[in-house]
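What follows is a short report on a single structure.
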2 protein chains.
Amino acid sequence: TDVAHASNKIPIKVVIFDCRLDNEDATDKVIDIQGLDYSAFLKTVTKEFSTSSEETFVLSTTDRKEVNEDRFKELKDGNTLHLLQSIDQALSVSTKEHILFLPHYDTLVKSGMYEYYASEGQKSLPYAFAELIDNALSATSNNVGVRTIDIRLMFDETQGRPAVVVLDNGSGMTSKQLNNWAVYRLSKFTRESSEFESDHTGYVRPAPVPRSLNSDISYFGVGGKQAVFYIGHTTRMITKPAGLMDVHELLLSKDEFEKKEKNKEDIYKGFILNRKPGDSSHITNEDERFLHSLISEEVRHDHFTAVVVTGVQPEHIAFLRADFHLWTRELAHVYHYYVHGIHGNDMRSSKRNVDHMTNIDIQISLLEKLKIPRTVNLREIDKDMQTLYINSSVDAFEFKAQVGEDGYVEGIIRYHPFLYDRETYPEDPYAIPTLSGEDEEDCVIINQEGRGKKPIFECFWNGRLIPYTTVAEFDWCACHKKSGPVPAECFRRISGVLFTNDKFQVSTNKLTFMDLELQLKSKETIFTRVVNGQEQRVKIHKEFIQWLKDCHGKWDKQIMFSGFNGIMTRTDV
Amino acid sequence: TDVAHASNKIPIKVVIFDCRLDNEDATDKVIDIQGLDYSAFLKTVTKEFSTSSEETFVLSTTDRKEVNEDRFKELKDGNTLHLLQSIDQALSVSTKEHILFLPHYDTLVKSGMYEYYASEGQKSLPYAFAELIDNALSATSNNVGVRTIDIRLMFDETQGRPAVVVLDNGSGMTSKQLNNWAVYRLSKFTRESSEFESDHTGYVRPAPVPRSLNSDISYFGVGGKQAVFYIGHTTRMITKPAGLMDVHELLLSKDEFEKKEKNKEDIYKGFILNRKPGDSSHITNEDERFLHSLISEEVRHDHFTAVVVTGVQPEHIAFLRADFHLWTRELAHVYHYYVHGIHGNDMRSSKRNVDHMTNIDIQISLLEKLKIPRTVNLREIDKDMQTLYINSSVDAFEFKAQVGEDGYVEGIIRYHPFLYDRETYPEDPYAIPTLSGEDEEDCVIINQEGRGKKPIFECFWNGRLIPYTTVAEFDWCACHKKSGPVPAECFRRISGVLFTNDKFQVSTNKLTFMDLELQLKSKETIFTRVVNGQEQRVKIHKEFIQWLKDCHGKWDKQIMFSGFNGIMTRTDV
Ligand SMILES: Nc1ncnc2c1ncn2[C@@H]1O[C@H](COP(=O)(O)OP(=O)(O)OP(=O)(O)O)[C@@H](O)[C@H]1O
Ligand SMILES: Nc1ncnc2c1ncn2[C@@H]1O[C@H](COP(=O)(O)OP(=O)(O)OP(=O)(O)O)[C@@H](O)[C@H]1O
Ligand SMILES: [Mg+2]
Ligand SMILES: [Mg+2]
């Protein structure tokens, strides 16, 4: 006889519902078919449902396929069957079929696809790095000394396959926290009330700080995963929490997921390796041999996290190499106020390097074969747009906005004067000329109109730039017909920054705000001018126009050719 | 004695690794602590690891917390412990701690958040409906007769709480397919090679059809879930596959997920109800009483799917009510060519309603208390932009583009002539005036310049509009200095449409293309003019300029005020 389900000893339980017509209750029985052949199975069913010997019945799957001898062999644990009088009989009772609907592993592996690519034609890779820097900023926020975030592009083939490593000297993670890192969409908010109780004891929002530079930029429980799988296809998280002895390591990889699916193993099961700091004996793959030296550094640090991404996409490698100055500058823009402090990179300030020094070191190195490593600290970059705005401005107008109960925004408007023969409103030196060919395509106009029609404000959320959202203007700082005595061109000499707290929603990839402009333009929003840190009880529109007028009078130096007297030839030279 | 783990009989297995210093292999043992108290547990450990009686040892969690009597009681099935000589001893061997990292249920519930909101200020709700229409188009693609897609807004409070119902007479789903519907990120591509073998037997790409109207618009395995959880918080999928007897029903709800999490039940376990068509005895909730009549309709249809969304967000209800004409028009735009056929809604055509009739009925009804139901068939809408473009144009230039091996694009450029005193290039009658206040804010300029600086092309993917991507122009149809004899304003009298097949990537919410413009502008792209369905071997730039010149000569009717002869007063009236 053919014993179908005998290959292993794990029970194979199928659920059978009695749906024969005379039946009024959905009685269901669980039968373990492990070790049974077809006729033994039928006998068991006959017995369990006490079908009489003259009665005919049929067993079917829930899509009405009769369970004959062949189909019987294909039954799996958890399958639901219907016991019927005939195969086309209507269901006398309704039945409950238990199902599992685990998200496919592409949930993790492709999570970043849309969000990063959606911005057609824009180089969004720096913003994937930003997600990893966000996490490192959060993790180092309670550091006593320097907060070090070290991005290393290991592109030296003699040391293994290309890898991107992001290292920080932050709090590190316990093995439970490392486990939670891998849980998609588990955020600090959902963590508290969940089964993951031994991890965090509930999220406490940080107290308000100037410019909302609170380092609290872990939000949705997706950023790190989106980022690493956008950068490459395998990630090794290596971490050690402060004060504890052991290093915890977790490997997530697309290949592993595929293998597990093929072998019908549980997709979301894995393991954390707990080990001694400095022990790299588990690294046996030649492709990762650079890890031995990285791991040997562990013994020098009490707490740290290293994100090691391998299987880096070739086009990313090309871009990271070729456009090093571009993407590092973009990161300097995103973290400008974290790196330079609340006043930003004011290179003319006498207080420079004293008051305004922050303890955040974000460092990027590109390591290539036979080349001197290229290294930059974001603090050294002085071509990012915020640095240009700050250093070309001569005066600032500060304000606050409150939206609802606890939506806070700080704002600065800066004045870039006209000097002698030109506007000083800075142009982006690396701006890509717009492709959309106008008729004037042969005639490049540089900075003729100050800001021109560009939006005034760049927007920062919890202190970091949200790169794809700008705010054009507010009613009180826009150029109206009735703007009075101030020339229209002065309105094109201002740039601005907004700093919001996290009561304003951003998209999960932190590329855009949801509805910042809409909220700020609501009638309920209260704007207040701030002078030397003091809020002023004054009409902001009037104040602003007065300030702008003053700026114009004080700073704009226009050469006026007031009359033409004919051409003179200097004979004295 | 205190028997800690006796409350149930399910085994509680903990894994203990022997990490004592003299140890060189990571021996691990699994111990079932079910029913054991602390001292019995210690005894078992002593025995299993044959620790000698004079030896001291300590058991710790992997975050180095000693397992004392209290902690012992908190141990859970699957926990990993270390057997150490002392609590601060370094790990002699590395240990493998098994973990589970199931995605949080917000993966489903909040999947749509970013994608829909990201488009700040835009009303993106119609595009959530579009995801459900996409699914219905796919499902009805093999229908023999009429393909009916019925969207019903059940806003009559006397019938229950507000609900959105999308009904189609498509293929329906077997219970296995319904199960797969709920699996996030399981797409038709990943389905084939996966454990879900009994479902599809592998995806076959449809053969090319004109305008890529292939109804094959299910792609990522996320659309339906994103859409329903963006619209409301609970969804009941009700479906019946053709030829089979039973209806299958699956309920997914945010509340259920929360409850399961609270009770520490498996998040992704649920059940499908299998039942007789027309049987609504399981609907006991007053909020859903409208379902009784919906379910009673079932007996009239052999195959169908109904998506019933409840817990509809109040702001959605307000918008759907107030802006009915707006969002139905937007849907008419998205599905213009599905509804009207490959030539679109040409209201002047003599062949109208004969040749070009499609069998796709997309119908929307708004049902409110004490009001006559408002119903519209998308085919009746004639204010959508494609209808306006088609009917204001006098001539068309057709072309094809091929990108790589199998990227196909069809294109049409239409000419909207100048007639007597005005441009006929259509304005969007419902366009929201741009907020960004220019200086000219008091002066609204309507259609003075034809298309102006707007992009030429709207873009359709597999026949349906991708609403947030446009393509400005191509080199060969752009206005250059050397465009020769054609006046520049003629270039502003053209509108265009691109139809791509699915070889061009779109974002998971189908709001944007990834890099359509970039790909089309690559040097490898070959453009070919098409005349009467025949590809022409000619230089497209020359052809286009000639066509444009012809259009100008033939269609533009300009009134010229050629000379001023003084004012005349008519005395004869
Ligand atoms: N470098 C790190 N150091 C310590 N903990 C980290 C680090 N990176 C990630 N984590 C932990 O892992 C969690 C998940 O990170 P991930 O970036 O995926 O999501 P998130 O930061 O919570 O939310 P977001 O989607 O906003 O990034 C974090 O909340 C944090 O607890
Ligand atoms: N109305 C329907 N009739 C029949 N089958 C359906 C219907 N709606 C969904 N399905 C099935 O459920 C699956 C999942 O639908 P869902 O919209 O979530 O993802 P998808 O359509 O596969 O991909 P996309 O992300 O592009 O929408 C579909 O592939 C299809 O097999
Ligand atoms: Mg993060
Ligand atoms: Mg879909």
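Read the figures in this text as sums done on the coordinates, not as results from a lab. The structure presented is a predicted model; accordingly, all values stated were derived computationally and were not measured. All Cβ positions, even for glycine, are placed from backbone atoms using ideal geometry, and neighbour counts span all protein chains on display.
Below are the figures for this structure:
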quantity	calculated
Using a 7 Å Cα-to-Cβ projection, B:D550 label spacings across copies, nm, ascending	6.8
Cα-centred dipole magnitude for chain B, charges only on beta-carbon of K, R (+1) and D, E (-1), debye, nearest 20	2000
Shielding of A:177-186 by partner chains, average beta-carbon count, 10 Å	5
Residue-averaged beta-carbon neighbours from other chains (10 angstrom radius) around B:259-268	2
Under Karplus coefficients 6.51, -1.76 and 1.60, residue-wise ³J(HN,Hα) of segment B:416-422 in Hz, glycine/proline x	10, x, 8, 10, 6, 10, 7
Net charge of Cβ neighbours under 9 Å - reference B:L273; Lys, Arg +1; Asp, Glu -1	0
Segment A:306-320 - phi-based ³J(HN,Hα) in whole Hz, Karplus 6.51/-1.76/1.60, Gly and Pro as x	10, 9, 10, 9, 10, x, 5, 4, x, 5, 5, 4, 4, 5, 4
Segment B:389-409 and segment B:127-143: distance between their alpha carbon centers, rounded to Å	25
Distances in nm from B:G533 to the matching label points in the other copies, shortest first (labels 7 Å along Cα to Cβ)	7.9
Extended-chain gain in nm, criterion 0.36 nm per residue less alpha-carbon gap, A:K383 and A:T51	111.1 nm
A:D25 paired with A:K454, simple spin-label distance in nm, labels 7 Å along Cα-to-beta-carbon	7.6
Chain B: calculated mean residue ellipticity at 222 nm from DSSP helix runs of at least 4, using -39500 (n - 2.57)	-6500 deg cm²/dmol
Burial ranking of peptide ranges A:542-548, B:375-381 (average Cβ count within 10 Å, highest at the top)	A:542-548, B:375-381
Rotational relation A to B, axis-closest Cβ in chain A, residue and distance rounded to whole Å	A:P103, 2
Magnitude of the charge dipole, segment B:13-84, Cβ model with Lys/Arg +1 and Asp/Glu -1, debye to 20	220
Neighbour-count ranking [beta-carbon atoms within 10 angstrom, fewest first] of B:C490, A:C551	B:C490, A:C551
Order of A:K523, A:K269, B:K383, A:K225 under a 10 Å beta carbon neighbour criterion, fewest first	A:K523, A:K269, B:K383, A:K225
Cα centroid of segment B:479-510 to Cα centroid of segment B:236-304, whole Å	47
Reachable aspartates and glutamates from B:K454, criterion Cα separation under 14 angstrom, eight or more residues apart if same chain	A:E438, A:D439, B:E427, B:D428, B:E473, B:E489
For segment A:488-493, Karplus couplings with θ = phi - 60° (6.51, -1.76, 1.60), whole Hz, Gly/Pro x	4, 5, 5, 5, 8, 9
Nm distances between copies for A:R348, ranked from closest, using label points 7 Å along Cα→Cβ	6.3
Within straight-line cross-link reach of B:K554, lysines at Cα separation under 17 Å, skipping those fewer than 8 residues along the same chain	none
Estimated dipole of the protein assembly as shown in Debye, rounded to 20 [Cβ of Lys and Arg +1, of Asp and Glu -1, Cα centre]	2220
Most to least packed among A:450-462, A:38-50 [average Cβ atoms within 10 Å]	A:450-462, A:38-50
Shielding of A:506-518 by partner chains, average beta-carbon count, 10 Å	4
Global geometry of segment B:106-380, whether rounded, prolate or oblate, following the gyration tensor of its Cα atoms and the 1.5 cut on a/c	rounded
Ranked list, fewest to most other Cβ atoms within 10 Å of each Cβ, for A:S495, A:S293, B:S60	A:S293, B:S60, A:S495
Cα gyration tensor category, rounded, prolate or oblate, for the protein assembly as shown with a/c compared to 1.5	oblate
Chain lengthening between A:V299 and A:K264 when straightened (0.36 nm per residue, less Cα-Cα)	8.7 nm
